[in-house]
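The values are calculated or read from the model by the stated rules, or taken from the named source; none is laboratory data. Since this is a predicted model, take the numbers as computed values, not measurements. Using ideal geometry, Cβ is built from the backbone for each residue, glycine included, and neighbour counts are taken over all protein chains shown. Surface accessibility is based on the protein's heavy atoms, side chains included, excluding ligands, DNA and RNA. Shrake-Rupley method; radii C 1.70, N 1.55, O 1.52, S 1.80 Å.
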Amino acid sequence: MSTENNNPTPKKKRKFSRRKFFKRGGIILGTTLIGVYFGRNIIRRKVAQIAGDMDLPLGIMNMEPDFWFEIMEDNTVLLKLAKMEMGQGIFTGAAMIAAEELGVTVEQINVQPATTKNGPTDMLGTGGSSSTSGMYTPLREVAATMREMLISAAAKIWNVDASTISVGSGILQSGLQQLSYAEVTQQTTEWVVPKTPALKPESEFQYIGKEYKRVDLKPKVMGESIFSIDMELPDMLYATILYCPYIGGTLKSVNSDDAIKHPGVVKVERSDDWIGVIAENRFASVMACRKLKAEWDVPKMWQQSDIDEMIKPENGVSFIKLQKDGSIDDLDKENTFAQTYNTPIGVHAQMEPNGTIAHVQGDKALIITGTQWADNVQGKIAKAIGIKKKNVEIKTTFLGGGFGGRYFQSTAPAAAKLSQLVGKPVHLLRTREEEFQNRYYRPPSHHKLRAKLSEDGMIETIDHVYGSADMAIKANAGDLVLKMLGADFAAGGHGTRVLYNIKNRHSKIVNCKLPFPTGIWRGVGQFPNTFAIESFIDELAIKAGKDPIQFRIDHLTDTGDPLIVRAKKVLETLAEKSGWKSPKREDIGRGVALCEDRKSFAAAMIEVKKVDGKIKVTRVVQVVDPGKIINPDGVRMQVEGATMMGISACLYEATYVKDSQFTATNYHQYPMAMLSDSPEIEVIFTEGSEKPYGVGEPPIGPVAPAIVNAIFDLTGERKRRLPLY
Amino acid sequence: MSIQSLKPYLLFLTLIAFVIFESNTYIAQNEVKPVPEKIAHNSSEPSPFQTIIKVLKSPRCMNCHPSDDFPRQGDDGHLHKLGVTRGIDNHAGPVQTCNTCHQDSNNIYTNVPGAPHWGLAPKSMGWQGLTDTELGQAILDKSKNGNRTPEEIVHHMGHDALVLWAWNPGEGRTTPPVPLDEFKKALEEWLTAGTPVE
Amino acid sequence: MKISFSVNGNPVNVDVDPETPLLWVVRDELKLKATKFGCGKAVCGSCSLHINGDLVRSCSYPVKYAEGKQVTTLEGLSESEKKLHPVQEAWMEINVPQCGYCQPGFMMAAAKLIQEIPNPTEEDIRKNISNICRCGTHPRIIKAILKAAELNKALIAES
């Protein structure tokens, strides 16, 4: 139901005056709502909780309003989605939500990534497990508004009262008269935009809550060209870039004589901090790039031991106390139980390397890139090549994995510079080595936990001090803002707080400065924090001589807080349905852990055994409460995926600093879970809310602690440092 | 000493090798190191057999002559990544074979090594944990060496494309501690001397 | 250098540097994009395809060796969109992919697996495919390969 011919579908569509459209308000209302909603959800709520009336570190709200839907001649609906599909299944969830209110079938909806020209963009990008929770109500409202507009248009055509019209499967009906959405759209020039209509009651849901296969299943099974690496523009050249391979290093000099002579090379360009090789094909650009002889100034030879020191909370530069209930003074006295936990530097290792196709022509730029944050890329391109932001068109594609690895450090500005230089489209693709050695990393962490048990084996006092580096604030707003705020509570802070109702509980996040870029990684702070806290709780349970699940439940005293009620329910379900209480073989160890993240809960029961002397995870039961579930199989996939990634990170994943370089250069030096590590996974739901919350990240939390707790159960050995191998 | 009388001893050695392998260390690791220069110079010229042994015990040869079912990699002889095993006919498989990744030449793009008929030596030619003499005996033993006469085994070692790959192993890999021409010369001299294994 | 071979049953001639990885020839010269670049090190398996029926990681296969051979990519695995290869049919049924990027490589490996091991156990599957997936589709891949083997047996029984 809109205008510009910028979407990838070849189908014809009707043109309408878009301007006239949203001046009347209906659709603007929808998009504006989205902005406020996202802002409130991800950042504002946190800031509000933590720092009272403090302003947003991300204050930019100037979302360009645009249309979400187009009705096609074949009576399908194009949904242009600002949220990127990177495997998490958001296209499927969005199609179901939209279909529900729009009065069409899920199959009639064709979801495509919005470009900056043809659809809504999202100033916060796609991440933080926020897409479904953030879009649920606004998308329904936009879809319902659209349905009402179609109804009133049909009422006018038939000259009947709108209340006589019913809709279903994209067909409007009044008495014996029928018109398809496409037909009504073709016959309508003036639209009446109603106030936001009432939404369907849950009892009338046709799609939400039902099992649906992915809407992108077929293209992915057939291997269609859907990723940015698959895109081509006519006359396109290929680029490979050499960045400084040393932490903090700068480019001193480069001899590119051999590279430029390499057959197929078109141009070698030196920028401030990188050297780009442009060639007629990918092979030539990579091979010529290897022939560059660069010298680097390396101010300091960092070693892993330096990093391990810097990440200790006592060496941090600033902090925020996130919890301060009661007093922890008695922890200085005797009978205090204290432990330290560590997690290593992590790499995203998403399967599709970062890359961009850029075509700069005069003061205009076309950018095709798989990014979690198109809005941010647009501004960066404008800055990099000195053109206006509105002249930068970003087309996004399906993403070959994200996990936080496509938020910052976009390849687009460099690609745009290279394209500007040669006057042709340039496809810049990072090598896997660059993806491992030259990017932002999940920061390592160092946790200090102290607690005191009462005589009856309850936790009286607990204190969690968590040292780690920035994940989101510095990357967005700079070091100064980070220092002003104290530490990265927005991303890294997830999971720092102690969930259990303990009278005296303190927790704080300490901002430690590291010499290399750090950023978000699936689960953000929740991954390291849950590992530390839930390992510690297990140690306390054993010290108290109590069953680890019951011990946790005992500390979730009912205060009327719905979060506590949900947490308890998740644990009770786990105890009941996971086989926790059933007899087990001697060669099996069992462990549990609980995690709250973004108001979703996940609790895991994990069984391990030793095979050929190595720990193997054999069975995982996750009880997950993500609130309202849109697509059960979609949630199941996310839980399975997070479980595998959790096993991988717990058992194998780490890179280290040696002589200012990262030790892992490619997958062979960054081992990850494979088919041989895949356990039996069972996913159980407890829907504890009418509102959907995120599910991409929460279920990664309990995996690592449940594994180490199970190892303790099996061997009596306590693992406090990841990875295990 | 006949092969028969060696059997219990070999069995014991294999057992030890297996136990040590299981505990994640690698028995041949210390033995693969080239003979220190000092010793070689202090004694008289190394015998042809000693020269040959230096080559055979280099990681380029040992890694594909395991006594168990697991190929090795690198100068430290670590287990081949990705869980590769001996598989069918010493060429892994049946789904992923050696040729899934290794072709007839070293790959200049991926730096994956390659040579014709890339694969493991048969298990009978497993060399891990053998003393020099045992290794010498093993390569001459027709029941283990593919039914080759001494002439044939010497020809094989001096001419086979996969053996010669050791001197052209691709970027970043060490070559055997003896140059190829010296190795070939030692082979001829060894044959002439009647292939002594001391 | 001019090199001739067949891809998915069609003869092709390319004129490229003979050392060019088959991966880039298939993707950029022949425009068959299902075969993916993941690591450039023959480690991840995203670029898996079949050459004369053998499973090959095409990033580590110089195109010069393809001369006269038969290459099959995911695009050529199924007879048609209506008659899917058992592996692709099973992948649809089990709803396997998440981001989908590694899936072509996994499906090519799976197709070879059910051909070599028509009655695979879960353990056979775990041991015989070393491809990497970051989204964690492993449990479903195992299920889908078991399913594909069943479908394949039914196909063979029919014919």
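Remarks
- Considering only alpha-carbon pairs that sit under 8 angstrom and 6 or more positions apart, the relative contact order computed for the range C:2-76 is 41 percent.
- Averaged over peptide C:74-87, the number of partner chain Cβ atoms lying within 10 Å of each residue's Cβ comes to 1.
- Take each residue of peptide A:394-404, count the partner chain Cβ atoms within 10 Å of its Cβ, and average: the result is 3.
- Placing unit charges on each Cβ (+1 for Lys and Arg, -1 for Asp and Glu) gives the protein assembly as shown a dipole about its Cα centre, and among A:L150, C:N8, B:N145 the Cα reaching farthest toward its positive end belongs to A:L150.
- For the range B:125-186, the set of GluC sites (Glu not before Pro) satisfying both a DSSP loop assignment and a count of at most 12 other C-beta atoms within 10 Å is given as B:E171.
- Helix-only CD estimate at 222 nm, as mean residue ellipticity for chain C, using -39500 (n - 2.57) per DSSP H run (n ≥ 4): -10000 deg cm²/dmol
- About its Cα centre, the dipole of the range A:597-725 is roughly 380 debye, where the only charges are +1 on Lys and Arg Cβ and -1 on Asp and Glu Cβ.
- Its Cα gyration tensor gives chain C an equivalent ellipsoid; the semi-axes, largest first and in whole Å, are 27, 18, 13.
- Between helix C:138-158 and chain C: long-axis angle, C-alpha atoms, 0 to 90°, nearest 10: 90
- Cα gyration tensor shape for the range A:215-339, rounded if a/c is under 1.5, else prolate or oblate: oblate
- For the range A:501-554, the set of trypsin sites (Lys or Arg not before Pro) satisfying both a DSSP loop assignment and a count of at most 10 other C-beta atoms within 10 Å is empty.
- Structural descriptor for chain A: relative contact order 14 percent, calculated from alpha carbon pairs under 8 angstrom and at least 6 residues apart.
- Here is the tail figure for the range C:2-76: Cα pairs spaced more than 18 Å apart come to 26 percent of all pairs.
- Shape category assigned to chain A from the gyration tensor of Cα positions, a/c cut at 1.5: oblate
- Looking at the range A:576-725, the DSSP beta bridges with both ends there are about 80 percent antiparallel.
- Here the range A:126-178 and the range C:24-38 have alpha carbon centers that stand 42 Å from each other.
- Helix-only CD estimate at 222 nm, as mean residue ellipticity for chain A, using -39500 (n - 2.57) per DSSP H run (n ≥ 4): -9000 deg cm²/dmol
- In this Cβ point-charge picture (+1 for Lys and Arg, -1 for Asp and Glu), the protein assembly as shown has a dipole of about 2380 debye about its Cα centre.
- Considering only A:M458, A:I367, A:T431, and ranking their Cα positions along the charge dipole of chain A that arises from unit charges at the beta-carbon of Lys, Arg, Asp and Glu, the one farthest toward the positive end is A:I367.
- For q = 0.11, 0.14, 0.23, 0.27 Å⁻¹, Debye-computed log10 I/I(0) when each Cα of the range A:635-713 counts as one equal scatterer: -0.39, -0.60, -1.12, -1.29
- Residue ranges A:418-425, C:86-93, C:152-159 sort as C:86-93, A:418-425, C:152-159 when ordered by packing (mean number of other C-beta atoms within 10 Å per residue, highest first).
- Applying a DSSP loop filter and a limit of 10 other Cβ atoms within 10 Å to the GluC sites (Glu not before Pro) in the range A:519-590 leaves A:E586.
- Of the residues A:G492, A:F337, A:G545, the one whose Cα sits farthest toward the positive end of the charge dipole of the protein assembly as shown, with +1 on the Cβ of Lys and Arg and -1 on the Cβ of Asp and Glu, is A:G492.
- Residues of the range C:91-110 with amide N under 18 Å of a point placed 7 Å along Cα→Cβ from C:Q70: C:108-109
- Only the Cβ atoms of Lys and Arg (+1) and of Asp and Glu (-1) were treated as charged; on that basis the dipole of the range C:2-76 about its Cα centre amounts to roughly 200 debye.
- Entry comment: accessible area of the range A:380-440 is 30 Å² per residue, from protein heavy atoms only and a probe of 1.4 Å.
- On chain A, 49 percent of the accessible area sits on carbon and sulfur atoms, based on a 1.4 Å probe.
- Test item: A:337-344 mean partner chain Cβ contacts at 10 Å: 0
- Taking chain C and dividing mean pair separation by its residue count, relative contact order in percent (alpha carbons under 8 Å, at least six apart): 23
- FRET efficiency, 1/(1 + (r/R0)^6) with R0 25 Å, evaluated for A:E107 and C:E150 via beta carbons: 0.40
- Convex hull volume per residue for the range C:86-158, taking Cα atoms only, in Å³: 71
- Counting only DSSP beta bridges whose two residues both lie in the protein assembly as shown, roughly 75 percent are antiparallel.
- Over 32 Å (Cα to Cα) - which of B:K57/C:K69; A:K543/A:K577; A:K80/A:K417; A:K200/A:K599; A:K380/A:K448; A:K503/A:K581 fall in this group: B:K57/C:K69; A:K380/A:K448
- Candidate residues A:I275, A:I542: accessible-area rank, largest first, probe 1.4 Å: A:I542, A:I275
- Overall form of the range B:86-198 per C-alpha gyration tensor (a/c, 1.5; a/b vs b/c): oblate
- Straight-line reach from C:K33: taking Cα to Cα under 16 Å and skipping same-chain neighbours fewer than 8 places apart, the aspartates and glutamates in range are A:E224, A:D230, A:E232, A:E352, C:E75.
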